[in-house]
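**Q** Have a look at the structure that comes next, please.
The values are calculated or read from the model by the stated rules, or taken from the named source; none is laboratory data. In this text, all values refer to a predicted model and were calculated from it rather than measured experimentally. Glycine also receives a Cβ, built like all others from the backbone with ideal geometry; neighbour counts cover every protein chain displayed.
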Amino acid sequence: MNSSKTQALREILTRDGLSFLMEAHNGLSAKVAEEAGFEGLWGSGLSISASMGVRDNNEMSWTQVLDLLEFVTDAVKIPILLDGDTGYGNFNNMRRLVQKLETRGVAGVAIEDKLFPKTNSFIGENQPLADVDEFCGKIKAGKDAQRDDSFSIVARVEALIAGWGLSEALRRADAYHRAGADAILIHSKLSRPDEILAFKKEWGDRCPVVIVPTTYYSTPTEVFREAGISVVIWANHLMRSALTAMQQTAQQLSREESLLNIEDRIVSVREVFRIQGAGELEEAERRYLPARQGAPQALVLAAGRGKELGVLTEDRPKAMVEIAGKPLLERMMETFTSIGIKDVTVVRGYRKEALQLPNTRYVDNDEHATTQEAFSLFKGLEGLSGPVLVAYGDVLFQKFIPMQLFESDSDFCIAVDPDSANDAHRDGYRDLVCCDRPFHWREFDQTAHLGKMSTTLPPGQVHGEWIGLLKMSASGLEQLKELGTELMATGAARTMRMADVFDALLARGRRVEVVYVRGHWLDVDDMHDVVAASNFGGAGQYR
Ligand code: SPV
Ligand code: MG
């Protein structure tokens, strides 16, 4: 039971001055009404049945109405007065109805003095009315059944609509009031408020009077206020306005077979998420779900030209040089895809317009001619989250290498080839590394850590070459971003190579794990490499 809602409805019914209830027929319309500032809702039988595609003739069972109401009461904090038709049966059905409504958080029910199954009041003429005593017994039974003192029962008088006139309406209203009704709903289907006002004048202030000005809609609300009406119900206007909008959209779409003229006229999907409360769920997930590793992302540093490749890079950056008919970067992307990395960011600079691959985010380093890799790296890191694989844009590697890096729990983990440092033909820029232990093929545990990375290490200290792949955990990424903010601010990042970035990390006490890999990768530094790359990769990996 939700006594604050029952009290709120009772307050709306009984306080001085005019109040309003807005029709709602499901959780969504209830939220819309609440957001618009209404203090209470009307659970319209007409609107609920219409929204279900059935007639307002008790074709929906009362338990189906109950189930729907649960969505409404869950959706909002404001109270709802249910249009309970005739109470769905006799006094006994009414008792059960009231108790079930209380358990669903419904604040009150209006019952009308007609016969089950009812017909909407605006259909037909001279509908038969309930016997006054029988209806009074139903009201009493309902009042006796309620467990919450504040639950309201509104008795609806149909005498005016059924053509019995004012005195019969007053006689009935008085009987219902004496039977315990908390308010009288006096209904009329005239286009003017005359009979309602006449009723109110005779009725005085015996108990609150509720009206439904659907047919006498042109009456200024001030008239009701001055007459001392307690509550006006806007009984079906959310359902009807939704119907207008749905008909227009459906007809237009059927005609035009295009969303072009629709999209700007309707709420965005984001707005739907907002009103559904998606934000609250996101917040709750952060509170209650174990922290989830984000999906891995990749950052490719591809701003450089690679001028050693001569004519091959006149019109495109090195990453777009074709290896056996396919750009190098495209081959790298295929490897990413094969290990589940969908989110790829590429930092481009030289001939950036030639770097166009689908499903890729681009970050531009327009100062590529005067900056080094660290500058591209820190620019590229900005929008990233979760574990990240950083790759030079000119390397090819078998997928087991990044997979091995992702297996490591370390914040920073790099792949180092112990053999390639001795590769005779390679004489350009190299990321040579010295570790806390050299690779030894006999040893099972090859865990090592970076001691220093430089292009010029004394031969005795070289344990291998960094192949250009770095994995960072989510927290490693944050640490590197922090370093980036610092080095970008001072301008130091502009001239730093990746080796300097690792040095800066080590100088700040970070540990960089080394995974030794022997072969199964290559970088494309010169024409010799382009030829070698064409033959690179196992069957199926590079088609
Ligand atoms: C309803 O909204 O279902 C009502 C009011 O009962 S009326 O349709 O005007 O009868
Ligand atoms: Mg109704």
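**Q** From the list Thr14, Thr6, pick out the single residue that is out of contact with any His (no Cβ under 7 Å at 6 or more places or on another chain) and surrounded by fewer than 22 Cβ atoms within 10 Å (Cβ to Cβ).
**A** Result: Thr14 is the single residue among Thr14, Thr6 that is out of contact with any His (no Cβ under 7 Å at 6 or more places or on another chain) and surrounded by fewer than 22 Cβ atoms within 10 Å (Cβ to Cβ).
**Q** Considering only segment 27-76, state which residues are more than 16 Å from ligand 1 (Cβ to nearest atom), touching a residue at least 60 places away in the same chain (Cβ under 8 Å) and in contact with a Lys or Arg (Cβ under 9 Å, 6 or more places away or on another chain).
**A** Listed by number, the list holds a single entry, Thr73.
**Q** While we're on this one: Could you please tell me which pairs satisfy a Cβ distance under 7 Å, a separation of 6+ or placement on different chains, a first residue in segment 376-401 that is in the same structural domain as Val515 (by TED's automatic domain parsing), and a second residue that is of a type in the set (Lys, Arg)?
**A** Leu381/Lys481; Pro387/Lys471; Leu389/Lys471; Gly393/Lys318; Asp394/Lys318; Leu396/Arg331
**Q** Considering only segment 59-67, I want to know if a residue exists there that is closer than 26 Å to Gly17 by Cβ and within 16 Å of ligand 2 (Cβ to nearest atom).
**A** There is no residue in segment 59-67 that is closer than 26 Å to Gly17 by Cβ and within 16 Å of ligand 2 (Cβ to nearest atom).
**Q** Let me ask another. Find all pairs meeting these conditions: Cβ atoms under 7 angstrom apart; at least six residues apart or on different chains; first residue within segment 119-148 and at positive phi; second residue within 16 Å of ligand 2 (Cβ to nearest atom).
**A** Listed pairs, sorted by first residue: Asn126/Ala162.
**Q** If you don't mind, another one. Restricting segment 94-118 to residues that are touching a residue at least 60 places away in the same chain (Cβ under 8 Å) and within 21 Å of Asn26 (Cα to Cα), which is farthest from ligand 1 (Cβ to nearest atom)?
**A** Thr103
**Q** Of all residues in segment 487-507, which are touching a helix residue (DSSP H, G or I) at 6+ places or on another chain (Cβ under 7 Å) and either of a type outside the set (Gly, Ala, Ser) or touching a residue at least 24 places away in the same chain (Cβ under 8 Å) (or both)?
**A** Quick first cut of segment 487-507, residues touching a helix residue (DSSP H, G or I) at 6+ places or on another chain (Cβ under 7 Å) only: 487-488, 493-494, 496-498, 500-501, 504-505.
Answer for segment 487-507, where residues must be touching a helix residue (DSSP H, G or I) at 6+ places or on another chain (Cβ under 7 Å) and either of a type outside the set (Gly, Ala, Ser) or touching a residue at least 24 places away in the same chain (Cβ under 8 Å) (or both): Leu487, Met488, Ala493, Arg494, Met496, Arg497, Met498, Asp500, Val501, Leu505.
**Q** Report, by residue number, each residue of segment 79-93 that is surrounded by fewer than 24 Cβ atoms within 10 Å (Cβ to Cβ) and away from ligand 1 (no atom under 13 Å from the Cβ).
**A** Tyr88, Gly89, Asn90, Phe91, Asn92, Asn93
**Q** Kindly indicate the residue of segment 325-358 that is among the small types (Gly, Ala, Ser) and loosely packed, with under 15 Cβ neighbours inside 10 Å and also farthest from Ala374 (Cα to Cα) among those meeting that condition. If you could, list the steps in order and put the result at the bottom.
**A** Residues of segment 325-358 that are among the small types (Gly, Ala, Ser), as a first pass: 325, 338, 340, 349, 354.
Remaining after also requiring loosely packed, with under 15 Cβ neighbours inside 10 Å: 325, 338, 340, 354.
Details: Gly325: 30, Ser338: 28, Gly340: 26, Ala354: 22 Å.
Per the stated criteria, the residue is Gly325.
**Q** How many residues does segment 232-265 hold that are more than 16 Å from ligand 1 (Cβ to nearest atom) and over 14 Å from Leu28 (Cβ atoms)?
**A** Residues meeting the conditions: 20.
**Q** Are there any pairs, at least 6 apart or on different chains, whose C-beta atoms fall under 6 Å, with the first in segment 352-373 and within 24 Å of Phe502 (Cα to Cα) and the second crowded, with 16+ Cβ neighbours inside 10 Å and among the small types (Gly, Ala, Ser), and if so, which?
**A** From segment 352-373, the pairs are Val363/Gly380; Asn365/Ala303; Asn365/Gly349; Asn365/Ser376; His368/Ala303; His368/Gly349.
**Q** Next up: State the number of residues belonging to segment 13-48 that are assigned to a helix (DSSP H, G or I), more than 25 Å from the chain's Cα centre (by Cα) and within 16 Å of ligand 2 (Cβ to nearest atom).
**A** Residues in segment 13-48 being assigned to a helix (DSSP H, G or I), more than 25 Å from the chain's Cα centre (by Cα) and within 16 Å of ligand 2 (Cβ to nearest atom): 4 in total.
**Q** Then there's this: Inside segment 351-412, counting only strands (runs of 3 or more DSSP E) that do not spill past its ends, which hold 2 or more residues that are closer than 25 Å to Arg494 by Cα and touching a helix residue (DSSP H, G or I) at 6+ places or on another chain (Cβ under 9 Å)?
**A** Working: elements: 360-364, 388-392, 395-397.
The strands (runs of 3 or more DSSP E) meeting that bar are 360-364, 388-392.
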